[in-house]
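Data first, discussion second: the structure below is written as structure tokens.
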Amino acid sequence: MLTEMPTEMSSVPAIVPGSWAAWKIALRPHTLWIAAVPVAVGAALVFAFQHSLHWPTLALALLCAIMIQAITNLQNDVGYTDRGAETGARIGFPRATQNGWLTARQIRIALAICVGITVLLGLPLVLWHGWPILALGVLSIVAAILYMAGVRPIAFTPWGEVAVFVFFGLIAVNGTVYLLTHSLPWYAWPVAVAIGLLAAAVLLVNNYRDIEHDQNTGRRTLPIALGLSGTRVCYAAMIFLPFVLLIALTAFSPWFLLPMLALPFAWRTWQAFNATPPGLAVNGVFLRTVRLEALYGGLFVIAGVLVGTVTL
């Protein structure tokens with residue numbers, strides 16, 4: 001669902017149709033790691049309390065998360081083209097189908113292959129850990145496709161950020177914890193909420209940047225629904241509440257406060273967001289928000305390892 005990671009340049013590169021470069025445009029491999037953050041954070045939380053991990057389960061969960069993100073990216077590319085939702089004024093990366101570098105049929109074949117691979121990767125997880133994993137897997141694949149498919153795609157509504165919060169936070173983090181422990185302790189929830197909020201903030205900035213384009217193409221994203229002032233308040237909540245939620249884990253170890261080191265960066269990012277009107281200049285804030293999620297998640301992983309290995 002997090003598919004819009006723009007460069008600092010808005011020019012369209014020269015791409016040979018059907019080439020690997022064209023597939024990179026559609027697959028957007030630079031966004032795939034975003035799907036890995038909540039899985040890594042969930043695994044770190046488990047390691048903190050159990051001091052060990054079931055590595056085959058973790059590896060398969062990570063691969064499934066990445067494949068689901070790839071499905072989202074492919075559907076996003078072809079879905080926009082099918083709906084004629086590109087006006088040429090969007091400020092993000094170009095789309096492969098819209099520019100004729102790949103056909104809709106090629107993308108749909110790739111989508112079917114990715115879904116098949118995801119099912120094969122997830123089958124051992126279902127056999128090892130039961131039907132709840134099957135339900136979560138099916139739900140995640142369906143949501144990935146419906147983000148830019150169906151009568152009313154999620155991306156055309158104010159619910160995109162909510163979907164990201166749920167699937168890149170609550171489901172991804174809690175699902176990883178459940179896979180590795182067959183339980184869902186209360187302390188997984190504040191972590192899942194924190195990561196989900198940061199992931200949703202990435203999409204919020206993306207949609208804030210493209211308000212004018214989205215209004216012209218019939219989309220009603222969350223920034224359009226909230227207005228500029230409401231979007232700024234929402235963004236502040238999304239990037240600062242994750243730091244407040246860390247307090248819930250201090251009863252176990254002060255190491256869990258390690259992500260607080262990212263707070264000054266969050267503050268500067270918030271200031272930059274408030275000072276930047278919608279448009280091309282928001283690309284810089286977008287990239288800062290992506291880095292904030294990565295920094296927070298990386299520091300939490302380090303904290304989990306320290307809690308699991310070091311006694312204070």
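Observations
- Fewest-first sequence of Thr57, Thr97, Thr289 by Cβ atoms within 10 Å of each Cβ: Thr57, Thr97, Thr289
- Packing here is the average count of other Cβ atoms within 10 Å per residue, and on that basis the peptides 155-163, 70-78, highest first, run 70-78, 155-163.
- Applying a length cut-off of 30 Å (Cα extent along the axis) and a mean Kyte-Doolittle floor of -0.5 to the DSSP H helices of the chain leaves 29-50, 55-83, 104-129, 188-209, 282-309.
- Cα-based shape type of the range 143-193, given that a ≥ b ≥ c are square roots of the gyration tensor eigenvalues and the cut on a/c is 1.5: prolate
- Three-way shape label, the range 48-185, alpha-carbon gyration tensor, a/c 1.5: prolate
- Mean Cβ count within 10 Å, highest first, over the residues of peptides 40-46, 118-124, 303-309: 40-46, 303-309, 118-124
- Full-extension gain in nm, Ile117 to Leu228, via 0.36 nm per residue minus C-alpha separation: 35.8 nm
- Overall form of the chain per C-alpha gyration tensor (a/c, 1.5; a/b vs b/c): oblate
Readers should treat all values here as calculations from the given coordinates under stated rules, not as data from a laboratory. Treat the numbers as computed from the prediction; the structure is a model and nothing was measured. Counting neighbours? That spans all protein chains shown, and the Cβs are built from the backbone with ideal geometry, glycine included.
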